[in-house]
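Notes follow once the structure below has been shown.
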Amino acid sequence: MADRVTVIGWDGSPLTAVARAALGAATLVAGAAHHLALPEVPPAAERIRLGSVTLAARRIAQHRGTAVVLADGDPGFFGVVRTLRAPEHGLEVEVVPAVSAVAAAFARAGMPWDDAQIVVAHSRDLRRAVNVCRAHPKVAVLTSPGAGPAELALLLDGVHRTFVICEDLGTERERVTVLTSDKVADHVWRDPNVVIVVGGSPAGAAAQGTGWLAGHEVGYPTGPRGWGLPARAYGGVLGEGESAQLRTAQLARLGPRMGDLVWDIGSGSGAAAVEAARFGAAVIAVDADPDACGRAAALARRHGVQLQAVHGRAPQILEDLPEPDVVRIGAGGVAVVTACAARRPERIVTHAATRDEAEELGRALADGGYEVECALLQSVELDTSVWVERERAVVFLLSGYRVPHP
């Protein structure tokens, strides 16, 4: 094993005295081509072109001498330190950090970034990064080949955002470009780069005050405490099938989370869509009533969350929507359940007023390849001033869990 391993971050500025000393004593240096070309690299040192960090770590573990790994920015922030410290390599490292690419990008943009979400985008799971951009007003995306600004913008189709695209930060080729998302796909961008995606600033409490928790919008948390909120939190007008008790059970089974895209079909007032968005998920609220879409959008602004309201009738309107992770169906019946099951989300929840309807929906879920659970929910709202029943509701809750293909 190497006698000493030092990881040095480089942001284009001159190396510190500590970094120069470590590099001058190195008998093995690993890094990208532009790192290995630095004049401070000892001519006699073994050089490893850093492609696979895992392969480089194995080679370093076998080296007898002093090793240095050069990396862009802060190597402990979505960088090589995590891989080098993996137990299978047995390496103990010292880290000399530099300014991270994310910090540099926000500095170039003249923006604070303690309230930003930060994600890494890869071509294999780019949609998750895109969903974070849908759900949050400020996101820094560390891009990669095949998952750059153009791909991000194309998958954000229908959602307006501003892109601050930072290329080759800290080098002579550095370039910072500001474009609206509809213009980004018309250009060819260099890799690697950082993209700051901003837009759709939340209203109300989220836009005021001073943040206290990194990675959350200013003023977080916003809105009332809890979820499965009562009707008064949504203006006092909720449609059939939108009771707090039913919403609570639906959300518990859907489990919306950061990086997910939620479809809320037959969104009605938008209460369920807003609550899913409060978990950090991206949400598309679909309703055949344009007034309902307007109410959902207004409710989202009031609660300081992002959602996309789409006017149209399911299942036809669903054909052009991006792939969902979980789906809540508030209206539409068997045809909508069948269409959603064909898109293979992880979970689908819906409800029925009668047993016959519940059996039909359950069969549609099962035929679509889902394991089906059904529960009969009964809730009784009481007037505690006189302890009498105010309202009673009985509903069948159906949950579909995707069965993996054999």
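The values are calculated or read from the model by the stated rules, or taken from the named source; none is laboratory data. From a predicted model like this one, the values you see are computed outputs, not experimental measurements. A quick note on method: Cβ atoms are made from the backbone with ideal geometry, for glycine too, and the neighbour counts reach across all protein chains shown. Ligands, DNA and RNA are excluded from the accessible area calculation, which covers all protein heavy atoms including side chains. Shrake-Rupley method; radii C 1.70, N 1.55, O 1.52, S 1.80 Å.
If you place +1 on the Cβ of every Lys and Arg and -1 on the Cβ of every Asp and Glu, how big does the dipole about the Cα centre of the chain come out, in debye to the nearest 20?
820
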### Query
How far, in nm, would the chain grow between Thr171 and Ala297 when pulled straight, counting 0.36 nm per residue and subtracting the alpha carbon separation?
41.1 nm
### Message
Report the Cα centroid-to-centroid distance between the stretch 90-132 and the stretch 1-29 in angstrom, as an integer.
### Response
22
### Query
For the residue pair Asp114 and Asp3, what label-to-label distance in nm results when each label sits 7 Å from Cα along the Cα-to-beta-carbon direction?
4.4
### Task
Can you send over the solvent-accessible area of Arg128, 1.4 Å probe, protein chains only, in Å² to the nearest 10?
80
### Net charge of Cβ neighbours under 12 Å - reference Trp10; Lys, Arg +1; Asp, Glu -1
-3
### Summary
Excluding ligands, DNA and RNA, the carbon-plus-sulfur percentage of the accessible area of the stretch 294-382 with a 1.4 Å probe reads 48
### Message
Can you give the FRET efficiency to the nearest 0.05 for Ala33 and Val178, using r as the Cβ-Cβ distance and R₀ = 30 Å?
### Response
0.55
### Query
Nearest 10 degrees, 0 to 90: what angle lies between the long axis of helix 290-303 and the longest principal axis of the chain (Cα atoms)?
50
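For Phe396, Phe77, write out the residues from largest to smallest accessible area, computed with a 1.4 angstrom probe and no ligands counted.
The residues order as Phe77, Phe396, largest area first.
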### Message
Limiting things to C-alpha atoms, what are the Rg and the maximum Cα-Cα separation (Dmax) for the chain, in angstroms?
### Response
25.8, 89
### Query
To the nearest 10 square angstrom, how much accessible area does Asp186 have with a 1.4 angstrom probe?
120
### Query
How much of the accessible area of the stretch 73-128, in percent, comes from carbon and sulfur atoms when a 1.4 Å probe is used?
51
### Summary
Judged on accessible area alone, 1.4 Å probe, highest first, Ser399, Ser379 line up as Ser379, Ser399
### Task
Write down Rg/Rh for the stretch 334-386, rounded to two decimals, with Rg from the C-alpha atoms and Rh from the Kirkwood relation over Cα pairs.
1.17
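Computed FRET efficiency, Cβ-Cβ of Glu346 and Leu382, R0 41 Å: what is it to the nearest 0.05?
0.70
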### Summary
Sorting His63, Trp113, Ala101 by the position of each Cα along the dipole of the stretch 25-176 (Lys, Arg +1; Asp, Glu -1; all at Cβ), the one nearest the positive end of that ordering is His63
### Query
Could you work out the helix-only [θ] at 222 nm for the chain, with each DSSP H run of four or more residues adding -39,500 (n - 2.57) and the total divided by the number of residues, to the nearest 500 deg cm²/dmol?
-7500 deg cm²/dmol
### Task
Sort Arg225, Arg253 by accessible area with a 1.4 Å probe, largest first.
Arg225, Arg253
### Query
Just how far, in whole angstrom, is the stretch 340-375 from the stretch 258-291 if you go by their alpha carbon centroids?
19
### Message
Rolling a 1.4 Å sphere over the protein heavy atoms, what is the accessible area per residue of the chain, to the nearest Å²?
### Response
48
### Query
Looking at Leu261, Gly9, His187, which one has the Cα that reaches farthest to the positive end of the dipole of the chain (charges on Cβ: Lys, Arg +1; Asp, Glu -1)?
Gly9
### Query
By the gyration tensor of its Cα atoms, with a ≥ b ≥ c the square roots of the eigenvalues, what is the shape of the stretch 258-332: rounded for a/c under 1.5, prolate for a/b over b/c, or oblate?
oblate
### Query
Gain in length, Asp157 to Thr354, computed as 0.36 nm per residue apart minus the alpha-carbon separation, to one decimal in nm?
67.1 nm
## Note on the structure
Nearest-0.05 FRET efficiency for Ala61 and Glu323 at R0 = 41 Å, using Cβ-Cβ distance, is 0.50
#### Entry: Charge dipole (debye, nearest 20) of the stretch 56-171; +1 at Cβ of Lys and Arg, -1 at Cβ of Asp and Glu
300
### Message
Using only the alpha-carbon atoms, how far is helix 53-62 inclined from the longest principal axis of the chain? Give it as 0 to 90 degrees, nearest 10.
### Response
40
#### Entry: Normalised per residue, the volume of the convex hull around the Cα set of the stretch 246-377 (Å³)
93
### Task
Can you find, among Gly76, Thr248, Leu321, the residue farthest towards the positive end of the dipole of the chain? Put +1 on the C-beta of Lys and Arg, -1 on that of Asp and Glu.
Gly76
